[in-house]
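Here the structure is laid out as structure tokens; the discussion comes afterwards.
Here, each number is a calculation from the coordinates, and none is a lab measurement. Keep in mind that this is a model prediction, so the values were computed, not measured. With ideal geometry, Cβ positions are generated from the backbone for all residues, glycine too; neighbour counts draw on all protein chains shown.
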Amino acid sequence: MVCYYDVFRHPLTEAELARLTGVAVGPVVDALVAEGRVERAGGHVSVVGGGVHVTRRIARTAAAERRWPAARRAGRLLAGFPWVRAVLITGGLSKQSAEEDGDVDFLLLVEPGSVWTAKSALQGFRRALPERLRENFCTNYLLATDRLALDDRNVFTAMELATAVPLHGAAWCVALLDANEAWASAHVPGYAFNRERASHAPTHPPFAPTRLVEAAARPVGPALDRAAFSVWDTYWNRKYAWLSEATRDQRFKRRPEVATNHLHDFQAYVLTEYARRCAAVGVAP
């Protein structure tokens, strides 16, 4: 865990380590400090030499606390969108690390057959906002509720699931975590913590306008979603023609049940850097 978070220059508190590992870590950290394999600094645990990042970590945690009220308001608004069934915050904010003007990343679970319709509507909504508010609504990952098992099964994805903060839709948030627990808990032993947290996420009845929109679109729903998918697929293929098709498929998932858009392969970078840090201290990634 310490090596993984060093990729982000993010020393962990012992409480965070305990949550991620699912065990009391005090004696383990004591032993590792004595062996010179990790260090304690300012109430945080890091790789040796990583203590220099504690000041940065504290500042980013304070910034995250200031961002949470706006992020929660954004999450409530997204929960009221047609076809949205659950809302979770991922990325840096979910790990108590943020910049004052950084993105707020959301994972949305949506009604099957509506992924691309919902993505289009959300993109239109975001574009209509003043520029200073847009970064509060980065809906980077949409997933249909009938296909909750993820195909990127690695420590990066497991950590995102284990630390995702459920804001709305307890039943679907729990279902997402259950669908991925078998493989994700192998990377993050304390994974069950988030399932418990997800079970307490609020669930609000749909707004009346939301129900009306969903009912009005239902007769043409499948055709509408296929059309929206075609538009996005054509757009990405043209705009990013310089990327190989395999790379586009990885960074822009284009399937009826999932929509993502990550131009830069941050996941690959993190996995590479994590493996390098593990090799440096002689542990398996």
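Tabulated data for the structure shown
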| read-out | value |
| --- | --- |
| Segment Ser230-Glu100, extension gain: residue separation times 0.36 nm, minus the distance between their alpha carbons | 43.2 nm |
| For segment 33-175, alpha-carbon Rg and Dmax in angstrom | 17.5, 56 |
| Among Val28, Val45, Val270: highest mean-square fluctuation, GNM of the chain, C-alpha pairs under 10 Å | Val28 |
| Cβ-based charge dipole, the chain, positive-most Cα from Leu107, Ala184, Gln267 | Leu107 |
| Phi to ³J(HN,Hα) by Karplus 6.51 cos²θ - 1.76 cosθ + 1.60 over segment 35-47, Hz, x for Gly, Pro | 7, x, 9, 9, 9, 9, 7, x, x, 10, 10, 8, 5 |
| Computed [θ] at 222 nm, deg cm²/dmol, the chain (DSSP H ≥ 4; -39,500 (n - 2.57); rounded to nearest 500) | -16500 deg cm²/dmol |
| Extension gain from Ala192 to Glu65, taking 0.36 nm per residue of separation minus the Cα-Cα distance | 43.3 nm |
| 3J(HN,Hα) from dihedral phi, segment 21-29, Karplus parametrisation 6.51/-1.76/1.60, rounded to Hz, x for glycine, proline | 8, x, 9, 6, 9, x, x, 5, 5 |
| Whole-angstrom gap from segment 122-159 to segment 219-285, using each part's C-alpha centre | 12 Å |
| GluC sites (Glu not before Pro) within segment 9-94, DSSP loop, no more than 13 other Cβ atoms inside 10 Å | Glu35 |
| Segment 246-256 - phi-based ³J(HN,Hα) in whole Hz, Karplus 6.51/-1.76/1.60, Gly and Pro as x | 5, 5, 4, 5, 6, 8, 10, 5, 10, 9, x |
| For segment 66-265: rounded, prolate or oblate by the Cα gyration tensor [a/c cutoff 1.5] | rounded |
| Distance (nanometres) between label positions extended 7 Å along Cα→Cβ at Glu14 and Arg254 | 5.1 nm |
| GNM top mover of Asp225, Asp151, Asp30 - the chain, alpha-carbon springs below 10 Å | Asp151 |
| Cβ-based exposure ranking for Thr90, Thr61, in which fewest neighbours within 10 Å come first | Thr61, Thr90 |
| Separation in nanometres of the label points that stand 7 Å from Cα toward Cβ, at Arg56 and Lys239 | 3.0 nm |
